[in-house]
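Working notes for the structure below.
The values are calculated or read from the model by the stated rules, or taken from the named source; none is laboratory data. Owing to the predicted nature of the structure, the values given are computational and were not obtained by experimental measurement. Neighbour counts run over all protein chains shown; Cβ positions are idealised from the backbone, glycine included.
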Amino acid sequence: MSSKPFGSLPIAPAQVKNLNSLGYKNMTPIQAESLPHVLKGKDIIAQAKTGSGKTVAFSVGFLDKINPRFFGAQALIICPTRELADQVGKEIRKLARSVPNIKLVLLCGGKPFGPQVGSLEHGAHIVVGTPGRIQDHLKKRTLNISQLKTLVLDEADRMLDMGFADVMQDIISATPSSRQTLLFSATYPDDILAMSRKFQRNPMNITVESKHESNVIEQLFYQVKKHERNNALLALFEHYQPTTAIVFCHTKAQCRDVAELLQEHDIESLAIHGDLEQRDRDQVLVRFANNSCSVLVATDVAARGLDIKAIDLVINYELPRDPEIYIHRIGRTGRAGEKGLAMSLFAEHEQIRVKGIETFQDKPCLIDSPESLDRNSTYKLYPPMTTIQLDGGRKDKVRPGDILGALTGDAGLEGKQIGKIDIFDRSSYVALEHAVVRQALNYLANGKVKGRAAKARKVQ
């Protein structure tokens, strides 16, 4: 916690008093780092997780600029889920007590459209909502954000994961170029950085989290004889017992063989390599990203562009010839401050590659024997989710919110039972908890998504 009080900021005394009454006396690190820039009207891209105090950081910033006499949308906060939007809305209402006559409207899917229209007709200073529902109001011209002063993208990485990239682009295009854009994300994958470059003006980069966490990747090397490599691979899984893993291989044939080996030992895995059709490749990556596949067996080329937040274990079935490729491979684990594991198998003829990695990293490699591993022969690995595929995608104007609304509406599923939703041109993929897959498929066999029938099947 920072020792800097809110009173040290150039904000109204009434707001400082209100913050103090809410128990906010000293700023958290994310607030202390970001608020001075926000109050000056600068764009920011900030790494911040839930619980870091980011809602106060962006709210205090835009509340300072709100004109109560102008009943148009002056601040728009976009959140990935209805639950988060509701939470953010409640927090902002508390913080807005210091500014008289401020109106906030919540625009989320799963709620009746009509009352939202009615609220907007009387004007609103602050709008908080989910991407799909905000876009709906823009299309129906029930929401006008042409005079917006501040745009907040909260948990932007999660919104991209949920397939909202195009929707967010549509929304942002309806805002004035003079707006202030505040982007908050738990991680900085390439697509977040690309979004920042596209929609922000010289943003201040706030990376408080990384200053307090260290990305530690534990690296171990296991020397094996050629015929022992498969057994050593199984030993690594049975010892470390990961929930997610990537196994890197050199060749397509090797990928297929290793994936089959793992499957035979009840470690559910999928292979990805250059021989796969694009549709099959997309399905594999979707399933791995949405937790309906636990282990990916991949060549370096096939794994390009893969961005998964939390991978417990990276295994090099064979060492690459280039030390830089090794570094790139193991960098898939240990992200966002989490500890990671990188294990490598090598035969005698690969010792020169170990030496190359030592030279490149300027530190010795820790070498052990597979016999040292304590094995749990009962270990099995099955993913927590199942993927279903629906006909209809981006070209059919299908959005994640449409699918989510259908499944949580007439189908009767709870939001927490639904995982990542991916929208492609002509098809969509949804991750579901195993227990509700049959329920979802039964509904979709006769029910509708966005007013039309949607054929659905389980992806296996």
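Observations on the model:
- Reported count of residues in region 324-368, each being part of a loop (DSSP other than H, G, I, E, B), small (Gly, Ala, Ser) and under 22 Å from Cys249 (Cβ atoms), is 3.
Table: residues versus (1) under 25 Å from Leu270 (Cβ atoms); (2) within 33 Å of the chain's Cα centre (by Cα).
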site: Ala347; (1), (2): no, no
site: Thr359; (1), (2): no, no
site: Cys365; (1), (2): no, yes
site: Pro370; (1), (2): yes, no
site: Tyr379; (1), (2): yes, yes
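- Subset of region 263-288 that is part of a helix (DSSP H, G or I) and of a type in the set (Val, Ile, Thr) - its residue that is nearest to Glu238 (Cα to Cα): Val284
- Yes/no for Pro320 being touching a residue at least 60 places away in the same chain (Cβ under 8 Å), touching a Cys at 6+ places or on another chain (Cβ under 7 Å) and either part of a loop (DSSP other than H, G, I, E, B) or closer than 22 Å to Cys293 by Cβ (or both): no
- Condition check for Val247: touching a Cys at 6+ places or on another chain (Cβ under 8 Å), over 17 Å from Thr387 (Cβ atoms), buried (at least 23 other Cβ atoms within 10 Å of the Cβ) and at pLDDT 95 or above: no
- Filter pass, Leu441 being in a helix (DSSP H, G or I), of a type outside the set (Ser, Thr, Tyr) and not assigned by TED's automatic domain parsing to the domain that holds Gly109: yes
- Qualifying residue in region 164-175 (condition: more than 24 Å from Gly393 (Cα to Cα) and either surrounded by 16 or more Cβ atoms within 10 Å (Cβ to Cβ) or polar (S, T, N, Q) (or both)): yes
- Qualifying residue in region 148-157 (condition: surrounded by 21 or more Cβ atoms within 10 Å (Cβ to Cβ) and of a type in the set (Gly, Ala, Ser)): yes
- Only one of the numbered conditions (1) modelled with pLDDT under 90; (2) under 19 Å from the mean Cα position of the chain (by Cα) is violated by Cys79, and that is (1).
- Checking Ala259 against (1) crowded, with 19+ Cβ neighbours inside 10 Å; (2) touching a residue at least 40 places away in the same chain (Cβ under 8 Å); (3) over 30 Å from Met159 (Cα atoms), the condition it does not meet: (2)
Conditions (1) loosely packed, with under 15 Cβ neighbours inside 10 Å; (2) at pLDDT 90 or above, marked per residue:
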residue	(1), (2)
Lys395	yes, no
Gly401	no, no
Ala411	no, no
Gln417	no, yes
Asp422	no, no
Ser427	no, no
Leu432	no, yes
Arg452	yes, no
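- Flag for Lys65 being among the basic types (Lys, Arg), in a helix (DSSP H, G or I), touching a residue at least 60 places away in the same chain (Cβ under 8 Å) and in the same structural domain as Phe199 (by TED's automatic domain parsing): no
- Unmet criterion (only one of (1) buried (at least 18 other Cβ atoms within 10 Å of the Cβ); (2) touching a strand residue (DSSP E or B) at 6+ places or on another chain (Cβ under 6 Å)) for Thr55: (2)
- Among the candidates Asn230, Asn291, residue that is of a type outside the set (Lys, Arg), buried (at least 16 other Cβ atoms within 10 Å of the Cβ) and in a loop (DSSP other than H, G, I, E, B): Asn291
Here is a yes/no grid of residues against (1) without any contact (Cβ under 8 Å) to a residue 40 or more places away in the chain; (2) over 24 Å from Val38 (Cα atoms); (3) surrounded by 21 or more Cβ atoms within 10 Å (Cβ to Cβ); (4) in contact with a Lys or Arg (Cβ under 9 Å, 6 or more places away or on another chain):
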| residue | (1), (2), (3), (4) |
| --- | --- |
| Val88 | no, no, yes, no |
| Val99 | no, no, no, no |
| Glu121 | yes, yes, no, no |
| Thr142 | yes, yes, no, no |
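- Number of residues in region 1-42 that are aromatic (Phe, Trp, Tyr) and either more than 16 Å from Leu63 (Cα to Cα) or part of a loop (DSSP other than H, G, I, E, B) (or both) equals 1.
- Residue selected from region 434-447 under the condition touching a helix residue (DSSP H, G or I) at 6+ places or on another chain (Cβ under 7 Å) and not β-branched (Val, Ile, Thr), by the criterion surrounded by the most Cβ atoms within 10 Å (Cβ to Cβ): Ala440
- Sole exception among (1) surrounded by fewer than 18 Cβ atoms within 10 Å (Cβ to Cβ); (2) out of contact with any helix residue (DSSP H, G or I) (no Cβ under 9 Å at 6 or more places or on another chain); (3) among the charged types (D, E, K, R); (4) under 26 Å from His250 (Cβ atoms) for Glu371, by number: (2)
- Flag for Val127 being surrounded by fewer than 24 Cβ atoms within 10 Å (Cβ to Cβ), in contact with a His (Cβ under 9 Å, 6 or more places away or on another chain) and in contact (Cβ under 8 Å) with a residue 24 or more places away in the chain: no
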